[in-house]
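Notes follow once the structure below has been shown.
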Amino acid sequence: MISLTLKKGKEEPLRRFHPWIFSGAVASADDQPEDGDLVTIRNCRDEALAIAHFQNGSIMARVVSFDPESDPTEPIFWEKKFENALAARRALGLLADEKRTDCFRLIHAEGDGLPGLIVDIYGKTAVVQCHSIGMWRQNTLIAKALCSVFGKKIDAVFDKSAESLPPNFAKTVKNGYLISPKKEPSAAAVVVENGHKFEVDWVGGQKTGFFLDQRDNRSLLADFVKKK
């Protein structure tokens, strides 16, 4: 794995678990990585600090693990990340009653330690949207890990990354199923949120198909329009 060495003192944000490495913080690289490559981040004393995805630009690397011994090319890495995220949602009560709510955001990029990755769950389908080349290059591992963690609760994984990747790279990418459902795949499905039914179109809809962050607003609206 290629190493990026930081300038003296520039590792302090990493010590506070900030996941971005700006280009101005990098002193040198022991080789030229390509966009999407995994790189080791080192301080000026050659101590390994983190593993990150490289992408040429002002934000040169995005940390996917603050454990330099971890291996993001192994399925167990992704399974643990998804298990931790799922446990956090359960602790928040988002999954307290799956009959009343079966759609939620599982991975919210930096918030879940995976910069550049969004994963939304719609019933039995997981929709993945990668915002970095590094994440997109791991999409097969991501899909398999999702199925491993959710078991029979998920039967399909759809990749919606074509519109969220850097423009030049996005031209080479097509949206589509990484894991297709056993029955004929549908462009849309009915999900339940707070007991209310919504039709979600993850193929042609905006973002991953539904604005899940508006959950509380929709619940509030429901209180105002009872019996309407």
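Figure the gain on full extension for Glu163 and Asp201 (residue separation times 0.36 nm, minus the Cα-Cα span) and round it to one decimal in nm.
12.2 nm
Just how large is the dipole of the range 56-118 about the Cα centre, in debye to the nearest 20, putting +1 at every Lys and Arg Cβ and -1 at every Asp and Glu Cβ?
My answer is approximately 340 debye.
Going by Cα centres, the range 1-56 and the range 194-212 are how many Å apart?
Comparing the Cα centres of the range 1-56 and the range 194-212, I get a distance of 37 Å.
Taking the chain as a Gaussian network, where each spring joins two C-alpha atoms under 10 Å apart, which residue of Ala170, Ala156, Ala91 fluctuates the most?
Ala91
Relative to the longest principal axis of the C-alpha atoms of the chain, give the angle of the C-alpha long axis of helix 75-92, reported between 0 and 90° and rounded to the nearest 10°.
Roughly 50 degrees between the two axes.
Whole number in Å², please: accessible area per residue of the chain, 1.4 Å probe, ligands, DNA and RNA not counted.
Using a 1.4 Å probe on heavy atoms only, each residue of the chain averages 54 Å².
With a 1.4 Å probe and all protein chains left in place, how much of the accessible area of the range 126-168 comes from carbon and sulfur atoms, in whole percent?
54 percent
Take Leu221, Leu49, Leu92 and sort them by solvent-accessible surface of the protein heavy atoms, 1.4 Å probe, largest at the top.
If we order Leu221, Leu49, Leu92 from most to least accessible, we get Leu92, Leu221, Leu49.
The values are calculated or read from the model by the stated rules, or taken from the named source; none is laboratory data. Bear in mind the structure is a predicted one, so any value in this text is a computation, not a measurement. In this analysis, Cβ positions are derived from the backbone assuming ideal geometry, glycine residues included, and neighbour counts consider all displayed protein chains. We work out accessible area using only protein heavy atoms, side chains counted, and drop any ligands, DNA or RNA first. Shrake-Rupley method; radii C 1.70, N 1.55, O 1.52, S 1.80 Å.
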